[in-house]
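The values are calculated or read from the model by the stated rules, or taken from the named source; none is laboratory data. Note that this is a predicted model, so its numbers are computed, not measured. Glycine gets a Cβ as well: all are built from the backbone with ideal geometry, and neighbour counts include every protein chain shown. The area values use the complete protein model at the heavy-atom level, side chains included, leaving out ligands, DNA and RNA. Shrake-Rupley method; radii C 1.70, N 1.55, O 1.52, S 1.80 Å.
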Amino acid sequence: MKAKNLFILLLFCLAMQVQAGEVSYYFWQGKLSGNKVRLACAVQDGVMTGEMFEQVDGAQRNYSVAGLWSDGMFDIKVYAEGDGYGVDYAYFLRAKVKDNELKGILQPSGKSFSLKKFSDPYARRIDREPGAYSSPYIEDKVYRFSGWDHGGEYVYQNAAGVTGKLELWGNTDGTDTFRLSILRHADGNGRGSDAIVDASHVKLPRYGDFEYTIPYCSYTFKVTFYDHFLVVRTLAGNAAQCFGSGAAITGIYVLIPAKG
């Protein structure tokens, strides 16, 4: 009997491992702030990547989408590359998938919304590249669940007015190390503390995500790269004890595209 139970447990664990890596695809349509929108995305392990297409005064605006599962809902950022430099945010959403619909609230207004499942006969398949998101309307646009790059500048912003920046550059001193810098400001009302990470000689894997422990406070975080953003997650320790009350560095940081 014990052997049978152990066998069932092993099968369950294997099933969970397979499920953890699965990619789900969604295509929704509805209205946000009175404008017609379509949101197409792929979701894997609590991370969302995709696009939003918005109709404004008869013209279509295209945005990138990055989302992260947090406290029972997705935190979703909808944004586009800035005209000059940086990132322009269009929407901050808190939402969950229910019965093939995306339901949630706009932030910071708190106004509720619902986007319903959509099928466009003229759209390309968003799952045409296995394990990645492929744009329904832009043939060669693909967002993958990996995006390691040796260096770059990423920005953070949320609906509460908190902003931040993460920079990662290779050192020029002949060593195979990197300089990691994170600055996350307090909220827009001045509550809480700034969070600062400044590490000059970080040894990183040649390809892939990395973990880093801040020596003076034993706070460990992980950086995971995606095609157009990265995610910082806490692994161990307490951010408040490390940076001060109300301070944090976790969440989605959007890549600022290099200007050629």
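For the reader, a short list of remarks on this structure follows.
- Hits in the stretch 216-239 (condition: of a type outside the set (S, T, N, Q), surrounded by fewer than 18 Cβ atoms within 10 Å (Cβ to Cβ), closer than 27 Å to Ile256 by Cα and over 13 Å from the mean Cα position of the chain (by Cα)): Lys222, Leu235
- Every residue from the stretch 28-52 that is more than 18 Å from the chain's Cα centre (by Cα) and of a type outside the set (S, T, N, Q): Trp28, Gly30, Lys31, Leu32, Gly34, Lys36, Val37, Arg38
- Within the stretch 57-69, tally of residues that are free of Cβ contacts under 8 Å to residues at least 24 places away in the same chain and within 11 Å of the chain's Cα centre (by Cα): 1
- For the stretch 129-148, a residue qualifies if it is charged (D, E, K, R) and surrounded by fewer than 13 Cβ atoms within 10 Å (Cβ to Cβ), and the qualifying residues are Glu139, Asp140.
Every residue, every condition in (1) touching a residue at least 24 places away in the same chain (Cβ under 8 Å); (2) aromatic (Phe, Trp, Tyr); (3) within 21 Å of Ala132 (Cβ to Cβ); (4) touching a His at 6+ places or on another chain (Cβ under 6 Å), yes or no:
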residue: Asn35; (1), (2), (3), (4): no, no, no, no
residue: Ala40; (1), (2), (3), (4): yes, no, yes, no
residue: Gln44; (1), (2), (3), (4): yes, no, yes, no
residue: Gln55; (1), (2), (3), (4): no, no, no, no
residue: Ala80; (1), (2), (3), (4): no, no, yes, no
residue: Asp88; (1), (2), (3), (4): no, no, no, no
residue: Val97; (1), (2), (3), (4): yes, no, yes, no
residue: Leu106; (1), (2), (3), (4): yes, no, no, no
residue: Phe113; (1), (2), (3), (4): yes, yes, no, no
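- Residue check for Pro108: within 24 Å of Tyr226 (Cα to Cα) and either among the β-branched types (Val, Ile, Thr) or touching a strand residue (DSSP E or B) at 6+ places or on another chain (Cβ under 9 Å) (or both): no
- Residues satisfying the stated conditions in the stretch 94-131, i.e. modelled with pLDDT of 95 or more and of a type in the set (A, V, I, L, M, F, W, C): Ala95, Leu102, Ile105, Leu106, Phe113, Leu115, Ile126
- Number of residues in the stretch 245-260 that are open to solvent by 20 Å² or more (accessible area, probe 1.4 Å) and either β-branched (Val, Ile, Thr) or closer than 16 Å to Ala195 by Cβ (or both) equals 4.
- Residues that are open to solvent by 50 Å² or more (accessible area, probe 1.4 Å) and either of a type in the set (Lys, Arg) or at pLDDT below 85 (or both), drawn from the stretch 153-180: Lys165, Trp169, Thr172, Asp173, Gly174, Thr175, Asp176, Arg179
- Taken as a whole, the condition of being assigned to a loop (DSSP other than H, G, I, E, B) and either among the hydrophobic types (A, V, I, L, M, F, W, C) or at negative phi (or both) applies to Tyr122.
- Residue that is part of a strand (DSSP E or B), in contact with an Asp or Glu (Cβ under 8 Å, 6 or more places away or on another chain), surrounded by fewer than 16 Cβ atoms within 10 Å (Cβ to Cβ) and basic (Lys, Arg), where the choices are Lys116, Lys96: Lys116
- Taking the criterion of being touching a residue at least 24 places away in the same chain (Cβ under 8 Å) and assigned to a strand (DSSP E or B), the residues of the stretch 225-251 that qualify are Phe225, Phe229, Leu230, Val231, Val232, Leu235, Gly251.
- The residues of the stretch 194-208 that are at pLDDT below 85 and surrounded by fewer than 17 Cβ atoms within 10 Å (Cβ to Cβ), listed by number, are Asp194, Ser200, His201, Val202, Lys203, Pro205, Arg206, Tyr207, Gly208.
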